[in-house]
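Here, each number is a calculation from the coordinates, and none is a lab measurement. Note that the coordinates shown come from a computational prediction; the quantities given were computed from them, not determined experimentally. We place every Cβ from the backbone using ideal geometry, glycine too, and count neighbours over all the protein chains shown.
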Amino acid sequence: MDKEFAGLTAIITGAGSGIGLEVAKGLKERGATVYGFDINQGEMGSVATFIKCDIGDGASVDSAFAEFKKTSSKLDILINNAGIGSLTTVEKETDEIWQKVLNVNVVGTARVSRGAIALLRESKSAAIVNTASVAAIDGIPNRAAYSASKGAILSLTLAMATDHLSDGIRVNAVNPATADTPWVKRLLDQSADAKAARVALEARQPMGRLVSPSEIANAIIFLASPLQASITGTTLNVDGGLHSLRIPK
Ligand SMILES: NC(=O)c1ccc[n+]([C@@H]2O[C@H](COP(=O)([O-])OP(=O)(O)OC[C@H]3O[C@@H](n4cnc5c(N)ncnc54)[C@H](O)[C@@H]3O)[C@@H](O)[C@H]2O)c1
């Protein structure tokens, strides 16, 4: 395995599960020192140093960075991956749901980035990767607040890439389609027939299968890599063709 991240330090939000956990494993294998900011340690074990952090809460983010700085004086990579979902239409979505989803997904991404920028500015290999979703660019039913939050993450990615170009900080995003993570398992478990719901999700994918968390992690790692120093302001779809392909049935 190429140790392209040797000597680099990374923070991953939501590293305790799913996509974030796979990014943590992949960065560690490639030589990075990895910190996981999460509300739960989850499964990160010895893959990442767990720092308790609720990205939806400013004081929690501040204290997580204070904790981080006790053991690390440098930061090269920030993966803004933690997020929450919501399953309703605009007709049913309450102000509380809007505030919660936008606060965690959008403001949370901005909050953690705010804590990281000064450190990233000092790095020669600074990169931020934000996890958005195909829900940002494709109409998916019952995802009003979630889709809007992920669309905002794409706009924020461009704004941050522009603002911090001269700081040498690259900022990119990924748009995963439905991925085989605990998040999706929880969604399926809520439906009357989890097996049938999974078959329907698979059928929606042109490739006929869900995206694997490691495939998304590999795309995030590609964008974060010091080997890709010319890529900034880019969104990479990791969606099995969902966004762009029209397959006749
Ligand atoms: N799974 C999918 O199908 C899919 C598709 C597109 C985008 N995404 C996005 O990928 C990201 C990760 O999703 P996943 O499927 O790996 O989910 P997951 O539920 O497996 O993991 C999410 C992690 O984020 C943490 N987290 C949740 N709220 C947090 C908070 N306020 N502060 C800090 N950590 C918090 C959880 O504790 C958990 O460890 C999310 O942003 C999600 O929107 C997922």
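Taking other Cβ within 10 Å of each residue's Cβ, how do 97, 221 sort, fewest first? Could the numbers behind the result be given before it?
Working: 97 16, 221 25.
Lowest count first: 97, 221.
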>> Just the number: Rg to Rh for the range 22-123, Cα atoms, Kirkwood Rh, two decimals.
In response: 1.02
>> Taking every alpha carbon pair in the chain, what does the distance histogram look like in 10 angstrom bins from 0, in percent?
In response: 8, 32, 38, 18, 4, 0
>> Through the Karplus equation 6.51 cos²θ - 1.76 cosθ + 1.60, θ set to phi - 60°, convert the phi angles of the range 214-220 into ³J(HN,Hα) values in whole Hz; use x for Gly and Pro.
In response: 6, 5, 5, 4, 5, 5, 4
>> Please list, ordered by chain and number, the residues whose modelled amide H lies under 5 Å from the amide H of residue 35; skip anything fewer than 5 residues away on the same chain.
In response: 10, 11, 12, 49
> So what's the projected area for the range 181-249, the Cα convex hull averaged over all directions, in nm²?
Replying inline: 6.1 nm²
> Got a sec to turn the phi values of the range 221-235 into Karplus ³J(HN,Hα) couplings, 6.51 cos²θ - 1.76 cosθ + 1.60 with θ = phi - 60°, whole Hz, x for Gly and Pro?
Replying inline: 5, 4, 5, 7, 5, x, 6, 10, 5, 9, 9, 8, x, 10, 10
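Give me the net charge for the shell around residue 182: Cβ to Cβ below 11 angstrom, other residues only, Lys and Arg +1, Asp and Glu -1.
Values: positive: 185, 186; negative: 43, 180, 189.
Residues near residue 182 contribute -1 overall.
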> Restricting attention to the alpha-carbon atoms of the range 119-212, what are Rg (one decimal) and Dmax (integer), both in Å?
Replying inline: 16.8, 52
> At q = 0.10, 0.13, 0.23 Å⁻¹, what log₁₀ I(q)/I(0) does a Debye calculation on the Cα points of the range 74-175 give, no solvent, two decimals?
Replying inline: -0.29, -0.46, -1.10
>> Could you work out the pair-distance distribution P(r) of the range 130-184 from its alpha-carbon pairs, with 10 angstrom bin width and percents rounded to whole numbers?
In response: 24, 45, 23, 8
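Sum -39500 (n - 2.57) across every DSSP H segment of at least 4 residues in the chain, then divide by the residue count to get the 222 nm mean residue ellipticity, nearest 500.
Details: 8 runs with 100 residues, N = 249.
Rounded to the nearest 500, the figure is -12500 deg cm²/dmol.
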>> Per residue of the range 19-29, what does 6.51 cos²θ - 1.76 cosθ + 1.60 with θ = phi - 60° give for ³J(HN,Hα)? Whole Hz please, x for Gly and Pro, Karplus curve as stated.
In response: 5, x, 5, 5, 5, 4, 4, x, 5, 4, 4
> If you rank 128, 19 by fewest surrounding Cβ atoms within 10 Å, what's the result?
Replying inline: 128, 19
> Going by how many other Cβ atoms sit within 10 Å of their own, how do 153, 140, 11 line up, fewest first?
Replying inline: 140, 153, 11
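Can you pick out the pairs among 74/185; 69/150; 25/185; 70/124; 52/92; 28/70 whose Cα atoms lie more than 27 Å from each other? Could you put the intermediate results ahead of the total?
Details: 74/185 36 Å; 69/150 29 Å; 25/185 21 Å; 70/124 22 Å; 52/92 32 Å; 28/70 20 Å.
Table pairs above 27 Å Cα-Cα are 74/185; 69/150; 52/92.
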